[in-house]
Every structure is written in C-alpha cells, then in structure tokens.
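Undergrad: Here it is, the structure, as structure tokens.
The values are calculated or read from the model by the stated rules, or taken from the named source; none is laboratory data. Here the structure is a predicted model, which is why all the values come from computation and not from measurement. Counting neighbours? That spans all protein chains shown, and the Cβs are built from the backbone with ideal geometry, glycine included. These area figures cover heavy atoms from the full protein model, side chains too; ligands, DNA and RNA do not enter into them. Shrake-Rupley method; radii C 1.70, N 1.55, O 1.52, S 1.80 Å.
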Amino acid sequence: KTYHSASFGSAAGVEVSFAYSNDISASVEELVSAGDWHLSPAFNYTMIASLVVLAFAAVILALYYRLGAVAILSNVAVSVLGTMLLMVYFSTQFGIGVLLGLLLVSLVTGFGGVYYFAKVKEELYSGRTPKKAHQEAIKKALWPTIDAGIASIVIGLCVYGLLPDVVGKLGLVLVFGGALGAIS
C-alpha cells in the first residue's frame, strides 16, 4: 500500500487537504503463455508493440532500399534469433534487460545493413555498374559494421561486469548480439 497526503494553500485563503491510500499490485506482463502441451508467445501489449515496430521498420526499409530491406531484416532476424538461442543455451533469465538488449542488438545489426545499402546507392548514383558498386560498398561498409559490433561487445562487457542482475543481462545480450550482428 502507498499512502499519500497533501495540503495545498492558496492566496484566496482556501486550504485543501486530502489523504488517500491505493493498492499497487506488483505484476509483470507474461511473455510466454503455457498451454496444455506447449508454450507459445503471449499475445499482450509487449508482443503487439514489437509487431507494430517490426512492421513499421519493414515498410520504411522497403521504401528506401526495396529488396535490400529483406536482406537487412533477415540479418536482424539471424542475430536476434542467434542471441536468443545463446541465452537459452547459457540458461539466462529473460527479463526487461534482455528485451532492451535485443532491441539494441537489432539496431546495431540493422545499422550494418542500412550503411551497406546506403553505400551501394551512392556508388550506383555515381555511375558504377551494380557489381562494382557492390564491391566498393563492401569496402566502405565493412569496418564501420565491425566497429559497431565491437562497440556493442565492449559496452556489453562493461555493463555485465559493473551492473548487477537484471541490467547485467542486457550486457550479456549485447556481447552475444554484437558478435552475431557483425558476423551476419
């Protein structure tokens, strides 16, 4: 229970006093729903928000990069799925830190794909053939993509080593996801 009381005075000479109590239930939204013989993702606000963000990102990427959006989203899916599999392998508890970490891993991995396709567009606009544009874009996008993965790993190690429990899991996700995102 939380108890609040306040007293407010005003220049008009009117004083308002109130006190109330309110029960606050400590609850967390279920991410997985258990069926009779299976586990399935819970269709709740977190799932709905994730699907809306994924759809919005897919539309934006498709508008800018056409078929390249499929490549970017598949790289993001590979890194997120691989990170989740590594989290299961190491029996890591799933919580808000992991959820935030997966979002950051998605952004870091998406950065690599978006940067590559931006460089391909620049090379095509400068008059190069598609094959030559691809080769030049790979040269220009390789190190920034690897740097983003290394930065994710370093930040993840710092977070995992310095912060306790729930937020520490965010660091673990950043380490796994940074490596997988740079590779994919």
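Undergrad: When ligands, DNA and RNA are left out and all protein chains stay put, how many square angstrom of accessible area per residue does the stretch 40-126 have with a 1.4 Å probe?
TA: Working: 5480 Å² over 87 residues.
That works out to 63 Å² for each residue.
Undergrad: Apply the a/c threshold of 1.5 to the C-alpha gyration tensor of the stretch 44-99 and tell me whether it is rounded, prolate or oblate. Mind dumping the intermediate values first?
TA: Working: a/c = 4.26, a/b = 1.63, b/c = 2.61.
Verdict is oblate for the stretch 44-99.
Undergrad: Now for a different question. May I have the convex hull volume per residue, in Å³, for the Cα set of the stretch 80-184? Write out the running numbers ahead of the final one.
TA: Details: hull volume 8.2 nm³, N = 105.
Hull volume over Cα atoms, normalised by residue count, gives 78 Å³.
Undergrad: May I have the count of lysine pairs in the stretch 40-184 with C-alpha atoms under 30 Å apart, counting pairs 8 or more residues apart or located on different chains?
TA: 11
Undergrad: From the square roots a ≥ b ≥ c of the eigenvalues of the alpha-carbon gyration tensor of the stretch 134-178, which class results: rounded (a/c under 1.5), prolate (a/b over b/c), or oblate? Don't jump to the answer; show the numbers that get you there.
TA: On the way: a/c = 6.55, a/b = 3.74, b/c = 1.75.
Judged from the Cα gyration tensor, the stretch 134-178 comes out prolate (a/c at least 1.5, a/b above b/c).
Undergrad: Let me ask another. I want to verify the translational diffusion coefficient of the stretch 21-159 in µm²/s; compute it with Stokes-Einstein, Rh as the Kirkwood radius over Cα pairs, at 37 °C and 0.692 mPa s.
TA: Numbers: Rh = 17.6 Å.
It comes out at roughly 186 µm²/s.
Undergrad: Output the peptides 83-94, 169-180 sorted from most to least packed, where packing is the average of other Cβ atoms within 10 Å over each peptide's residues.
TA: Details: 83-94: 14.0, 169-180: 24.8.
Highest to lowest by the protection proxy: 169-180, 83-94.
Undergrad: Further question on the same structure: Counting only protein heavy atoms and a 1.4 Å probe, tell me what percentage of the stretch 58-184's accessible area is made up of carbon and sulfur.
TA: 74
Undergrad: Sequence-distant or interchain residues sharing an amide H contact under 5 Å with A42, placed H: which?
TA: When sequence neighbours closer than 5 places are left aside, the close amide H contacts are V32, S33.
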